[in-house]
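Here's the structure, in structure tokens; my notes come after.
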Amino acid sequence: MNTITPEELKSRLDAGEKIHLVDVREPNEHEQFNIGGILLPVGEIMAMQTDEIDHLKEEEVIFYCRSGNRSGHACQVAEMMGFTNPVNLTGGMLAWVAKFGQ
């Protein structure tokens with residue numbers, strides 16, 4: 001599984017790079033703070049309900065959650081579903097907030 005650090009991701013976002021972000025947390029977590037990803041809770045991914053991102057199967061898709069655990073599972077499932085480049089944000093939002101704040 002490919003990974004990206006918060007620092008690498010922020011650098012790419014700051015450079016204006018077009019990045020596909022998927023937040024696999026729950027809606028209440030997403031509402032509290034997010035970095036611009038579309039909300040697709042991990043339960044939906046595990047149930048293979050990924051219609052809204054299926055068009056990205058050939059693209060890099062960066063998954064994130066609170067700590068990197070759920071997004072790691074999401075990456076594994078996405079890979080089994082044919083996504084060619086799922087990437088996990090290491091440390092998730094905990095690492096992001098520790099480094100950059102909200």
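Residue by residue, here is whether (1) part of a helix (DSSP H, G or I); (2) surrounded by 16 or more Cβ atoms within 10 Å (Cβ to Cβ); (3) within 14 Å of the chain's Cα centre (by Cα); (4) not small (Gly, Ala, Ser) holds:
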site: Thr3; (1), (2), (3), (4): no, no, yes, yes
site: Glu8; (1), (2), (3), (4): yes, no, yes, yes
site: Leu21; (1), (2), (3), (4): no, yes, yes, yes
site: Arg25; (1), (2), (3), (4): no, yes, yes, yes
site: Asn28; (1), (2), (3), (4): yes, no, no, yes
site: Gly36; (1), (2), (3), (4): no, no, yes, no
site: Glu58; (1), (2), (3), (4): no, no, no, yes
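For the range 69-90, which positions are touching a residue at least 24 places away in the same chain (Cβ under 8 Å) and surrounded by fewer than 20 Cβ atoms within 10 Å (Cβ to Cβ)?
Within the range 69-90, His73, Gln76, Val77, Glu79, Met81, Gly82, Thr84, Asn85, Thr90 meet the criteria.
The rows are residues; the columns are (1) outside any loop (DSSP other than H, G, I, E, B); (2) modelled with pLDDT of 95 or more; (3) aromatic (Phe, Trp, Tyr); (4) within 17 Å of Lys10 (Cβ to Cβ).
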position	(1), (2), (3), (4)
Met48	no, no, no, no
Val61	yes, yes, no, no
Ser71	yes, yes, no, yes
Gln76	yes, yes, no, no
Glu79	yes, yes, no, no
Asn88	yes, yes, no, yes
Ala98	yes, yes, no, yes
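The values are calculated or read from the model by the stated rules, or taken from the named source; none is laboratory data. Everything quoted here is computed from the prediction, not taken from an experiment. All Cβ positions, even for glycine, are placed from backbone atoms using ideal geometry, and neighbour counts span all protein chains on display.
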